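Q: What follows is a single structure, and I will ask about it in a moment.
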Amino acid sequence: MSNCRTVAFILLCISILAINSLAEDENYSLNISVNKFLGSYLVNETGFALYYYQNDSSVHGKSTCDGDCAKVWLPFYVENLTLPESLNSFNFATIERADGSKQTTFKNWPLYLYSGDGSPGDVRGNGLDDLWHVVDPVDQPELI
């Protein structure tokens with residue numbers, strides 16, 4: 001009987017630890033990175049650049065990157081953001097995309113990850129087609 005209680009206690013401890021780690025995963029951190037040529041830009045929790053699409057300016061608060069575009073430029077969404085003190089949560093929101101999925105915005109610009117960025121710190125998508133740009137956390141114009 002004592003062995004059964006020990007095993008049950010160990011399983012209970014493992015369950016509690018697993019629940020705590022799942023609760024921690026509910027928050028997702030954004031950060032600011034710096035590139036000597038581009039200056040400051042937003043990055044996701046793992047250090048990948050976040051981008052905005054200039055064509056989204058034509059439809060306030062909506063994404064115009066669907067279909068094949070969204071396979072290359074992955075819509076970025078997290079439910080619970082944790083931000084450094086230098087970023088204001090007021091500038092972040094969530095929109096619903098045409099397909100019903102959600103997307104995080106910064107100053108009303110829908111945010112994207114570029115599939116061509118292979119490593120944290122890559123900014124290969126910046127300037128592509130003169131339409132894609134890293135998100136400037138300081139001087140990003142608000143999409144009106």
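Q: Could you please give the count of residues in the range 23-66 that are loosely packed, with under 14 Cβ neighbours inside 10 Å, in contact (Cβ under 8 Å) with a residue 24 or more places away in the chain and of a type in the set (A, V, I, L, M)?
A: Final tally of qualifying residues: 0.
Q: Here's something else I'd like to know. Limited to the range 106-127, what total is found for residues that are within 11 Å of the chain's Cα centre (by Cα) and under 13 Å from Val43 (Cα atoms)?
A: 4
Q: Filter the range 93-112 down to the residues that are in contact (Cβ under 8 Å) with a residue 60 or more places away in the chain and either out of contact with any helix residue (DSSP H, G or I) (no Cβ under 7 Å at 6 or more places or on another chain) or assigned to a loop (DSSP other than H, G, I, E, B) (or both) and list them by number.
A: Leu111, Tyr112
Q: Taking the range 124-144 only, how many residues are buried (at least 20 other Cβ atoms within 10 Å of the Cβ) and either of a type in the set (A, V, I, L, M) or in contact with a helix residue (DSSP H, G or I) (Cβ under 6 Å, 6 or more places away or on another chain) (or both)?
A: Of the residues in that region, 2 qualify.
Q: So, in the range 100-133, exactly how many residues are among the charged types (D, E, K, R), in contact with a strand residue (DSSP E or B) (Cβ under 9 Å, 6 or more places away or on another chain) and farther than 14 Å from Val72 by Cα?
A: 3
Every number in this text was worked out from the coordinates using simple rules, so none of it is lab data. Just so it is clear, the model here is predicted, and its values are computed rather than measured. All Cβ positions, glycine included, derive from the backbone under ideal geometry; neighbour counts span all protein chains shown.
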